[in-house]
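Single-structure report; data block below.
The values are calculated or read from the model by the stated rules, or taken from the named source; none is laboratory data. Because the structure is predicted, anything quoted here is derived from the model rather than measured. Counting neighbours? That spans all protein chains shown, and the Cβs are built from the backbone with ideal geometry, glycine included. Accessible surface is based on the protein model in full, side chains and every heavy atom, while ligands, DNA and RNA are left aside. Shrake-Rupley method; radii C 1.70, N 1.55, O 1.52, S 1.80 Å.
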Amino acid sequence: MQEPSVTRIGDEVVQRYLSRLDEPGRPRVDLATLVRLHERHVRRIPYHNLDIRLGLPTDVDPAGNAARLAGGDAGYCFHLNGAFAALLAALGFDVTLHRGQVKKAPALPDGVQFANHLTMTVTLEGRRWFVDVGLGDGLLGPVPLRPGVVRHPPLTFGFAEAAWGWRFTHDPRGSFTVMDWEDRPAQPHDFAEAHHVLSTAPTSTFVRRLIVTNRGPDDVVWSLVDCQLTRIDGDGVHHRVLTTFDEWRRELEDTFLLRLDDGHTAGLRRLWQRLPRQRSIPAG
């Protein structure tokens, strides 16, 4: 079994994490549990880079990030997938981490040159499953690891095997084009350099743009890039520009379920003042 973290998370963190996912007690190690926890994770815990935009330091330690999420926080792929991997491992699932690379254009070289994404597989009941709660507008649940097309309304995804691993192809309406990932196992420290670059480099999308995404109820995908709110549903893609701080903060709390308190207010107001007021362009 490939451990997602050197330090196993304790029972207290496990119980608080499960409570956030509305999971009473300790669940069975089976496919029904994996499906249920995955879907609740992407619906209840948002993908965001707010910590980066507010200048709050984070790291890629799965155990520490599991404690953060158990306490009500969220984050982007290194935090979300690392924490979920730690939770699954603590429950008894066979989890393997993998180096991935999210790409905005398919013309980029195949494979993983820069590990800007942490993803995972779970071996369960004699089958490998692709599991990822850190893509923002990605999967609703685990997918059997095999080539083909998968539909998780309102989006459709593709999987293809390659010599270096696998390629995940996003829906054309999604936030990126493809995510390549290596089949060989990875360790948490393999992502430390990429996290540092993504969270500090002036050219990084995460430094330049505010990005928040989650899977809402009723087959809806929500995203917020700076001031532009986007909804993807069965009827198409719908955009709305938020024009006031109160409206913007309300969407963060109500639509994206961010847990904000009075301690965030000053930082949020400063961030709001820095955001472009014109129509936002897609993150990238």
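Order these peptides, 143-149, 51-57, 39-45, by their mean beta-carbon neighbour count within 10 angstrom, highest first. Before the final figure, lay out each step's value.
Details: 143-149: 12.6, 51-57: 15.4, 39-45: 20.3.
Output ranking for 143-149, 51-57, 39-45: 39-45, 51-57, 143-149.
Just to confirm, what accessible area per residue do you get for segment 21-60 at 1.4 Å probe, in whole Å²?
Counting only protein heavy atoms, the per-residue value for segment 21-60 is 45 Å².
Per-residue HN-Hα couplings for segment 202-216, Karplus 6.51 cos²θ - 1.76 cosθ + 1.60 at θ = phi - 60°, whole Hz, x for Gly and Pro?
So the Karplus estimates, Gly and Pro as x, are x, 8, 5, 4, 6, 7, 8, 10, 8, 10, 9, 9, 7, 9, x Hz.
Quick one: what are the phi-derived ³J(HN,Hα) couplings along segment 133-139, Karplus 6.51/-1.76/1.60 with θ = phi - 60°, whole Hz, x for glycine and proline?
9, x, 9, x, 9, x, 5
How much mean residue ellipticity at 222 nm does the chain get from its helices, if each DSSP H run of length 4 or more adds -39500 (n - 2.57) and you divide by all residues, to the nearest 500 deg cm²/dmol? Working shown, then result.
Values: 9 runs with 88 residues, N = 284.
That comes out to -9000 deg cm²/dmol.
Give or take rounding to whole Å, what are the principal axis extents of the alpha carbon atoms in segment 76-127, in descending order?
39, 26, 13 Å, listed from the longest principal axis down.
Around Gly216, which amide H atoms from residues at least 5 apart in sequence, or from another chain, sit under 5 Å from its own amide H, with H modelled in the peptide plane?
For Gly216, whose amide H was placed from the backbone, the distant partners under 5 Å are Val221, Trp222.
I'd like to compare 193-204, 130-141: which one has the highest average count of other Cβ atoms within 10 Å, and what's the full order after that?
On the way: 193-204: 14.6, 130-141: 23.8.
Peptide ranking by packing, descending: 130-141, 193-204.
Out of residues 5 or more away from Val102 or on other chains, whose amide H comes under 5 Å of its own, with H placed 1.01 Å from N in the peptide plane?
Answer set, sorted by chain and number: Asn116, His117.
For the chain, give the percent of accessible area contributed by carbon and sulfur heavy atoms, probe 1.4 Å, rounded to a whole number.
52 percent
Give me a comma-separated list of calculated 3J(HN,Hα) values for segment 38-43, in order, Karplus coefficients 6.51, -1.76, 1.60 applied at θ = phi - 60°, integers in Hz, x for any Gly or Pro.
4, 5, 5, 4, 6, 8
Compute the FRET efficiency between Glu12 and Asp235 as 1/(1 + (r/R0)^6), taking r as their Cβ-Cβ distance and R0 = 35 Å, and round to the nearest 0.05.
E(calc), rounded to 0.05, equals 0.20.
Assuming a viscosity of 0.692 mPa s and a temperature of 37 °C, what translational diffusion coefficient in µm² per second does Stokes-Einstein assign to segment 1-133, Rh being the Kirkwood radius over Cα pairs?
215 µm²/s
Taking a probe of 1.4 Å, how large is the accessible area per residue of segment 202-284, in Å²?
Working: 4330 Å² over 83 residues.
Normalised by residue count, the accessible surface of segment 202-284 is 52 Å².
Let me know the Kirkwood hydrodynamic radius for segment 145-284, please, with Cα pairs as the basis and the value in Å to one decimal. List each step's numbers first, then the result.
Values: mean 1/r = 0.0576 Å⁻¹.
Every distinct Cα pair counted, the radius reaches 17.4 Å.
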